[in-house]
Structure formats: structure tokens, C-alpha cells
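Structure first, commentary second.
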Amino acid sequence: MVEESHTKIRLLVAESFELVRIGLRSLFENNHSIHLVAEASSIEDLFKLAAQHKPDIVLMDLQLSGGNYAEHITKLLHACPQSKVLAFSHQNSERTHLETFRSGAMGIISKHHSSDLLLKAIHAIHAGQIWFDRNVTKLLWQAQFDSNPPVEIKTDKRSSQQPKLSDSERHIAYLACKGLSAKEISAQLLVTEKTVRNQLSVIYRKIGVKKQIGLCLKAPLYNYFKESYLFGTFFPQDHEK
């Protein structure tokens, strides 16, 4: 493949079915903002091609891994830390989605969704956002509540187990859980992007997470904001026509 403008999103497709790869190839070759750098049909090819091309995003078929998708996503991100993973799946099980996010993927999209929504997901993840639809989010949050009951807040502030966030930190955490990037949060709050990134670092440290995904999964355990806020119009499926 011929290398194109570095301003394009460099995408590696890892898909087990040839017919699906052909369809995806046609979609991306006709897109002016995405450069398809390589296609992998096996896990072995995926690791080799990812190391060779260093893509911005890997669109990864979860069936490709033979059931070990979480382990392979973690290994892939360790080997290629500059890449982001968008999981591609026909499954909608709680376990699949929860393990995918916990492994470090930035999003997951169903194979039943439209090509337009897939393109939106790729652009969103490239911009630093996370991507998940309403149904996936409900599965993730319910699984978190079932396995980790909300922390009981004691009346004695000194003995409370809840990490303390300032009002501004709670606001930024809320926007981050909506999937907004640091740049988008800064524009909305009229502060510098550096300020937002610094505050996010503080928030992550207080809550005990390392990434935006971890914040989204853990924040509800401390009741920082009402769950109903998190099922609003920002979810990608709400924008699908």
C-alpha cells in the first residue's frame, strides 16, 4: 500500500472473514480522512503488522482472538502503546463488553451498526474519546454495581472511603464520562486544554484509575453524579440516522 498524508487516520483492520475485510476495504479506500495501512486475518498477522505500521487505530474483530480477546488487546497495547483499539463484534454479552473495556480498548461497536456510525466511532476514538452505545454502557455499569456495591459514605468526613473531588473536578469528571476529550472539555469550560489535562490527572489519581475508561467504570461507585445523567443524548447511537 502507498503511504499517504500523515494527517489521515492510520487504520489497521484485523478481521477474520474475508468478505467483511473486502467490505471494510471498500469503505475506507473511499474515505478521504482514513488511510488503511494493512489488513490482518489472524492474531499473528495482527501483532506483526501493528509493529510494522504503528497504526493510530486498530479495528479488531473479537472473534479473531479465539476467545482470548482481552489478553490479546492488553498485549497489543503494551507492544504498540501509540495505537488505540476499537473492538468490532457481533456479540452483546455483558462479559464480552466488560472484559473488552477493562483490557484497554477505547470503544466497541457492533457489526450490526451502519458504516456511518463506524466512521464516527473511528474519528471519535482518534480524537481521544471513548465510544460505547447506550446498551453497552448499561451492561458495563450494571456489572460494576453487581460486583462492586457503591461505597457506603460515613458521616465522619475523616473516615470516609470516598475520594474527595472539588466541584470543578466533579464537573470535568462528568464531561469525561460523557466521552468528551480534554480539548472538547476545555472549549466547553473556557479553560486551557493543559488545565483540563492537569485536573484529569488529579482526578485519576484520587479515584485510583489510569485512563478515561477507568474513570467511567469507577465514578458511579461513589455517586459523583446521578446515573440518569449518563444516559443522555451524547451516546453514539442517539446520533445514528
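The values are calculated or read from the model by the stated rules, or taken from the named source; none is laboratory data. Bear in mind the structure is a predicted one, so any value in this text is a computation, not a measurement. Ideal geometry is used to build each Cβ from the backbone, glycine not excepted, and the neighbour counts take in all protein chains shown.
Test residue 48 against the criterion of being over 23 Å from residue 182 (Cα atoms) and either crowded, with 19+ Cβ neighbours inside 10 Å or of a type in the set (Lys, Arg) (or both), and give yes or no. It is true that residue 48 is over 23 Å from residue 182 (Cα atoms) and either crowded, with 19+ Cβ neighbours inside 10 Å or of a type in the set (Lys, Arg) (or both).
One line per residue, one yes/no per condition, for (1) at pLDDT 90 or above; (2) of a type in the set (Ser, Thr, Tyr); (3) surrounded by 15 or more Cβ atoms within 10 Å (Cβ to Cβ); (4) within 20 Å of residue 124 (Cβ to Cβ):
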site: 171; (1), (2), (3), (4): no, no, yes, no
site: 176; (1), (2), (3), (4): no, no, yes, yes
site: 184; (1), (2), (3), (4): no, no, yes, yes
site: 190; (1), (2), (3), (4): yes, no, no, no
site: 194; (1), (2), (3), (4): yes, no, no, no
site: 198; (1), (2), (3), (4): yes, no, no, no
site: 208; (1), (2), (3), (4): no, no, no, no
site: 214; (1), (2), (3), (4): no, no, yes, yes
site: 218; (1), (2), (3), (4): no, no, yes, no
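Within the stretch 35-52, is even one residue assigned by TED's automatic domain parsing to the domain that holds residue 97, farther than 13 Å from residue 119 by Cβ, out of contact with any Ser or Thr (no Cβ under 8 Å at 6 or more places or on another chain) and of a type in the set (Phe, Trp, Tyr)? Checking the stretch 35-52: at least one residue is assigned by TED's automatic domain parsing to the domain that holds residue 97, farther than 13 Å from residue 119 by Cβ, out of contact with any Ser or Thr (no Cβ under 8 Å at 6 or more places or on another chain) and of a type in the set (Phe, Trp, Tyr). Restricting the first member to the stretch 109-121 and to residues that are within 17 Å of residue 33 (Cβ to Cβ) and outside the structural domain of residue 180 (by TED's automatic domain parsing), and the second to residues that are surrounded by fewer than 16 Cβ atoms within 10 Å (Cβ to Cβ) and of a type in the set (Gly, Ala, Ser), the beta-carbon pairs closer than 9 Å and six or more apart or on different chains are 115/23; 119/33.
Residues checked against (1) aliphatic (A, V, I, L, M); (2) modelled with pLDDT under 90; (3) surrounded by 16 or more Cβ atoms within 10 Å (Cβ to Cβ):
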site	(1), (2), (3)
53	no, no, yes
61	no, no, yes
76	yes, no, yes
82	no, no, no
94	no, yes, no
104	no, yes, yes
